[in-house]
Amino acid sequence: MKIYTKTGDKGLTSLFGGKRVKKNHERIEAYGTTDELMAYIGLIRDQDIAPPRKETLIRIQDRLFTIGANLAADPDKKQLKKPDIAEIDIESLEKEIDEMEQHLEPMTHFILPGGHPIVSYCHIARCICRRAERLVVDLAEKQSNLELDLVYLNRLSDYLFVLSRSLAKELGAEELPWIPSK
């Protein structure tokens, strides 16, 4: 299989199911942003972090591929076989968040992103996740089977924030509170 097909040279691509759309179509934007998020999570996973965290990040990347497949599918072709996000995927993120939060000080202020490269990567991934979520919100207004994808992305952004705090603590990185200037 060749990596280049030349079928997209005029700015069109195919959805799963065969329908041709412009490469700036809202579906392409949504799954492209999900792909970008997956790549950033790979960058976090490539850092010197505990193996159980790496395993969680691999599961998250798998779930993001599932969301991408759902977003890439032609919504007019209901019979297409594709994987779906399930409640257990969301519960798994919530369990991870709850476990990390047990070891963190309660927040009293917003936190300025940064303190260590790994922490910053988590914040970048969180921002990309929020952008993906906004794009999926737009699609969900027109397509009813995206509810769990949307919930997953919302929970994932929470997970990435708590992961950034947890890693900051483990790495001894200072969390700078945002205290508004007068």
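Here is how the numbers come out for the structure above:
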quantity	calculated
Selection from the stretch 135-182 of residues that are closer than 26 Å to D98 by Cβ, part of a loop (DSSP other than H, G, I, E, B) and of a type in the set (D, E)	E174, E175
The stretch 3-53, residues that are in contact with a strand residue (DSSP E or B) (Cβ under 7 Å, 6 or more places away or on another chain), among the small types (G, A, S) and surrounded by 12 or more Cβ atoms within 10 Å (Cβ to Cβ)	S14, G17
Single residue of L104, L93 found to be within 30 Å of E141 (Cα to Cα), touching a residue at least 60 places away in the same chain (Cβ under 8 Å) and aliphatic (A, V, I, L, M)	L93
First in the stretch 9-31 and free of Cβ contacts under 8 Å to residues at least 12 places away in the same chain and more than 12 Å from D76 (Cβ to Cβ), second anywhere and in a helix (DSSP H, G or I) and of a type outside the set (F, W, Y), Cβ under 8 Å, 6 or more apart	K22/I28
Odd one out for Y40, checked against (1) under 26 Å from L139 (Cα atoms); (2) outside any helix (DSSP H, G or I); (3) of a type outside the set (A, V, I, L, M); (4) at pLDDT 95 or above	(2)
Boolean, T66 is out of contact with any Leu (no Cβ under 9 Å at 6 or more places or on another chain), polar (S, T, N, Q) and surrounded by 15 or more Cβ atoms within 10 Å (Cβ to Cβ)	yes
Meets criteria (buried (at least 20 other Cβ atoms within 10 Å of the Cβ) and at pLDDT 95 or above) for L146	no
Selected residue (criterion: surrounded by the fewest Cβ atoms within 10 Å (Cβ to Cβ)) from residues of the stretch 92-125 that are assigned to a helix (DSSP H, G or I) and of a type in the set (S, T, N, Q)	S120
Where V137 falls short, out of the listed (1) within 22 Å of Q61 (Cα to Cα); (2) aliphatic (A, V, I, L, M); (3) more than 20 Å from the chain's Cα centre (by Cα)	(3)
Test: residue in the stretch 50-68 that is closer than 22 Å to P117 by Cβ and part of a loop (DSSP other than H, G, I, E, B)	yes
Test: residue in the stretch 31-44 that is in contact with a Lys or Arg (Cβ under 6 Å, 6 or more places away or on another chain), more than 16 Å from S164 (Cα to Cα) and not aliphatic (A, V, I, L, M)	yes
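The values are calculated or read from the model by the stated rules, or taken from the named source; none is laboratory data. Just so it is clear, the model here is predicted, and its values are computed rather than measured. Reconstructed Cβ throughout: ideal geometry from the backbone, glycine too, with neighbour counts over all protein chains shown.
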